[in-house]
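*Asks:* Here's a structure for you.
The values are calculated or read from the model by the stated rules, or taken from the named source; none is laboratory data. Keep in mind that this is a model prediction, so the values were computed, not measured. FYI the Cβ positions are ideal-geometry reconstructions off the backbone, even for glycines, and counts take in every protein chain you see. Calculation scope for accessible area: heavy atoms of the full protein, side chains included, ligands and nucleic acids excluded. Shrake-Rupley method; radii C 1.70, N 1.55, O 1.52, S 1.80 Å.
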Amino acid sequence: MRVKENPFKPTAGGEPPLLIGRKRIIRDFEKGLDNGVGAPGRIMLITGARGTGKTVMLTVFGDRARARKWDVIEETASEGLCERLVNELRTRDAALDRLSIRPSLSFAGVGVSLGEAELSPKRMPETLRKAMAERLSSLEKRHAGLLISIDETQAAERSDMIAIATAIQHQIRERRNIAIVFAGLPQMVSDLFNDEVITFLRRARTNVLTDIPVDEVRTAFETTFETSGMAITGEQLQVAAQATEGYPYMIQLVGYHIWDAADLRDSDTISDQDVHDGLVEARKDLDNAVCIPELHGLSRRDREYLEAMSQSDGPVSTAEVAERMGKSANYASTYRKRLLDAYVIRETERGEVDFAVPFLREYLRRVAA
């Protein structure tokens, strides 16, 4: 009997039915929890291009930690990150006493509440460290640990990362039962983790999420469709798998829309038309969710640089891009750097660049046609 619920989950952070190509990373994380304080998997960095499943991995890690009776705090880097962590770390009563009542003190004739003083940038490392210690002491009474996950780490303020690194380092020195996972775009490795003040975080076990081999995608599609009661041919599976190019987000979109096209007909057999229609809808969703937002906010010259790159099927020399733009190499290098910093493009070899965002080349070609 066919399962009525679509097994594919293309929503942001939604856990897909099969975590293709991610088993080793999940195992490393679980072994880190199980092997105790000091295990490598307890400080982890998950990085990769947009749509490769970084947020999904944090969701999975949280589930694995909760299954072990650990407390889990899940945050996204933005202004006020450390303040939010402090509030979440403290028990409800403690947070009320310390942050809401805000008893007043006087510094140099200026009235400042205790809560505001505690949460000032200068005091934040100490405040966060104490909040972690209090929560861990409570958890140790029931032999549990604490996992903190931080998504979009590239957007974190340097002062927050220093406070977090300082607090975590102290807990590990004191052999407390804590784990932390950061997820974000690749530039955070150079921008944040190479900061001389945050050298402690260089010990993080780094996992780069890359595209999945098409053969593995095909096998995963076959398993998922059959498990859900949908019949699909080998040729249809191959067409669907190749259309994803191994990009994790596209895998979910393609699977979702092909399954949905058959379901719309109330059929338990995938037709060639379902595959065609599903791929069309998947590309539309990918354009709207990835490509269009990626271009939003870029300057006209930034976009011209990308359009010049899109004329090549793969990596292209920066000199050739400048020539296509009709500009000097020095002029074009300004936009190259901006796009590299935003991780819209990536450097493949010295003097060569390629798109970091999958399918952006194809989108630009379609728009230009």
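*Asks:* With each pseudo-label sitting 7 Å past Cα toward Cβ, what's the Arg173-Glu320 distance in nm, one decimal?
*Replies:* Going from the Arg173 label point to the Glu320 one covers 5.3 nm.
*Asks:* Of Lys9/Lys141; Lys69/Lys130; Lys4/Lys284, which sit over 30 Å apart, Cα to Cα?
*Replies:* The pairs that break the limit, which is 30 Å between Cα atoms, are Lys9/Lys141.
*Asks:* Once amide H atoms are built 1.01 Å from N in the peptide plane, which residues 5 or more positions from Ile178, or in another chain, come under 5 Å H to H?
*Replies:* Those qualifying (amide H under 5 Å, at least 5 residues apart or on another chain) are Leu146.
*Asks:* What relative contact order, as a whole-number percentage, does the chain give when Cα pairs under 8 Å and 6 or more residues apart are counted?
*Replies:* 19
*Asks:* How high is the FRET efficiency from Arg68 to Arg301, r the C-beta distance, R0 45 Å, rounded to 0.05?
*Replies:* 0.30
*Asks:* Same structure, new question: Separation of the range 19-45 and the range 274-345 by C-alpha centroid, Å?
*Replies:* About 35 Å separates the Cα centre of the range 19-45 from the one of the range 274-345.
*Asks:* Same structure, new question: Taking all protein chains together and a probe of 1.4 Å, list Thr227, Thr334, Thr52 from the most accessible to the least accessible.
*Replies:* Thr227, Thr334, Thr52
*Asks:* Given labels modelled 7 Å from the Cα in the Cβ direction, how far is it in nm from Glu216 to Asp268?
*Replies:* With each label placed 7 Å out from Cα toward Cβ, I get 3.1 nm.
*Asks:* Another question, then. Using the Karplus curve 6.51 cos²θ - 1.76 cosθ + 1.60 with θ = phi - 60°, work out ³J(HN,Hα) for each residue of the range 317-333 in order, rounded to whole Hz, and write x for Gly and Pro.
*Replies:* 6, 5, 5, 5, 4, 4, 4, 5, 6, x, 10, 6, 4, 5, 5, 5, 5
*Asks:* Oh, and also: Taking square-rooted eigenvalues a ≥ b ≥ c of the alpha carbon gyration tensor, is the range 298-368 rounded, prolate or oblate, where a/c under 1.5 means rounded and, failing that, a/b exceeding b/c means prolate?
*Replies:* rounded
*Asks:* Next up: Using each residue's phi in the range 43-56, evaluate 6.51 cos²θ - 1.76 cosθ + 1.60 at θ = phi - 60° and report the 3J(HN,Hα) Karplus result to the nearest Hz, with x for Gly and Pro.
*Replies:* For the range 43-56, the Karplus-derived couplings read 10, 9, 10, 10, 9, x, 5, 4, x, 8, x, 5, 5, 4 Hz, x marking Gly and Pro.
*Asks:* Counting just the Cα atoms, what span does the range 163-290 cover along each of its three principal axes? Round to the nearest Å and put the largest first.
*Replies:* 59, 29, 24
*Asks:* Give me Rg over Rh for the range 41-83, both radii from the alpha carbons and Rh done the Kirkwood way, two decimal places.
*Replies:* 0.99
*Asks:* Please compute one quarter of the surface area of the Cα convex hull for the range 254-338 and express it in square nanometres.
*Replies:* Answer in nm², one decimal: 7.1.
*Asks:* Near the amide H of Thr206, under 5 Å away, which other amide H atoms are found, from residues 5 or more places off or on another chain, if H is placed in the peptide plane?
*Replies:* Here Leu45 satisfy the definition.
*Asks:* Sticking with this one: Could you give the dipole magnitude of the chain about its Cα centre, charging the beta-carbon of Lys and Arg +1 and that of Asp and Glu -1, in debye to the nearest 20?
*Replies:* Approximately 1600 debye in magnitude.
*Asks:* Related question: Can you tell me the orientation of helix 272-286 relative to the chain, as the angle in degrees between its alpha-carbon axis and the longest Cα principal axis, to the nearest 10?
*Replies:* 40
*Asks:* Suppose the Debye formula is applied to equal point scatterers at every Cα of the range 221-363; what is log10 I(q)/I(0) at q = 0.10, 0.17 Å⁻¹?
*Replies:* Treating every Cα as an identical point scatterer, log10 I(q)/I(0) equals -0.45, -0.86.
*Asks:* Please give the contour-minus-distance gain from His143 to Ala329: 0.36 nm per residue of separation, less the Cα-Cα distance, rounded to one decimal in nm.
*Replies:* Contour length minus the Cα-Cα distance gives 60.9 nm.
*Asks:* Which percent of the accessible area of the chain is formed by carbon and sulfur heavy atoms (probe 1.4 angstrom)?
*Replies:* 49
*Asks:* Can you tell me the relative contact order of the range 211-369? Whole percent, Cα pairs under 8 Å, sequence separation 6 or more.
*Replies:* Computed value for the range 211-369: 17 percent relative contact order.
*Asks:* Same structure again: Taking a probe of 1.4 Å, how large is the accessible area per residue of the chain, in Å²?
*Replies:* Accessible surface, normalised per residue, equals 49 Å².
*Asks:* Any chance you could run the full-extension gain for Glu347 through Ala368? It's 0.36 nm times the residue separation minus the Cα-Cα distance, nm to one decimal.
*Replies:* Taking 0.36 nm per residue and subtracting the Cα distance, the gain is 5.1 nm.
*Asks:* How are the Cα pair distances of the chain distributed, in percent, across 10 Å bins from 0?
*Replies:* 5, 20, 25, 23, 17, 8, 2, 0
*Asks:* Another question, then. Give me the percent relative contact order of the range 214-294, please, defined on Cα pairs under 8 angstrom at least 6 residues apart.
*Replies:* It comes to 29 percent, rounded to a whole number.
*Asks:* Here's something else I'd like to know. Amide H neighbours of Ala231 under 5 Å, at least 5 residues apart or on other chains, H built in the peptide plane: list them.
*Replies:* Here Thr269, Ile270 satisfy the definition.
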